[in-house]
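Written below as structure tokens is the structure these notes are about.
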Amino acid sequence: MSQFFEKVLKSVPGETKAFIDKSMGIADHVHEILERRGVSQREFAKLLGKGESEVSKWLSGSHNLTIKSIVKMEIVLNEKLLVIPDKEGAEYINR
């Protein structure tokens, strides 16, 4: 990696790095599910009732996804993208 990019990365706040990691993780997971099922991004957009360009932004990993959009994707995919711990933290809610 160039010295320029190393300097840039050092100046990025931790919360921004964490946001990017989470967003990329969700996008990567959705891409893996779609690939495994042989579903194109265009077909996925149609299932979501969204335009392909909007879904492309969602799956870029840099878009600030809403809980509503994540839940919509979970419903269409019939797979969890987020896991929420229960109040005691011992088990996970799988709704």
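The numbers here are math on the coordinates, done by the rules we state, and not lab data. Not measured: the values here are computed from a predicted model. Using ideal geometry, Cβ is built from the backbone for each residue, glycine included, and neighbour counts are taken over all protein chains shown.
If I fit a long axis through the Cα atoms of helix 14-37 and take the longest principal axis of the Cα atoms of the chain, what angle between them do I get, 0 to 90°, rounded to 10? Taking the Cα atoms of the chain, the angle to 14-37 is about 40 degrees.
Straight-distance candidates among the lysines for linking to residue 80, with alpha-carbon spacing under 26 Å and chain neighbours fewer than 8 residues away dropped: 17, 22, 46, 50, 57, 68, 72. Each of 24, 73 was scored by other Cβ atoms within 10 Å of its Cβ. Listed from fewest to most, they are 24, 73. A straight chain from residue 29 to residue 17 at 0.36 nm per residue would run longer than the Cα-Cα distance by 2.5 nm. Taking the longest Cα principal axis of the chain as reference, the axis of helix 67-77 is set at about 50 degrees.
Computed over the Cα atoms of the chain, what is the ratio Rg over Rh, Rh following Kirkwood?
Working: Rg = 15.9 Å, Rh = 15.1 Å.
Radius of gyration relative to Kirkwood radius: 1.06.
Converting phi to 3J(HN,Hα) with the Karplus coefficients 6.51, -1.76 and 1.60 and the offset θ = phi - 60°, the stretch 46-55 yields 5, 4, 7, x, 10, x, 4, 5, 5, 5 Hz in sequence order, with x at every glycine or proline.
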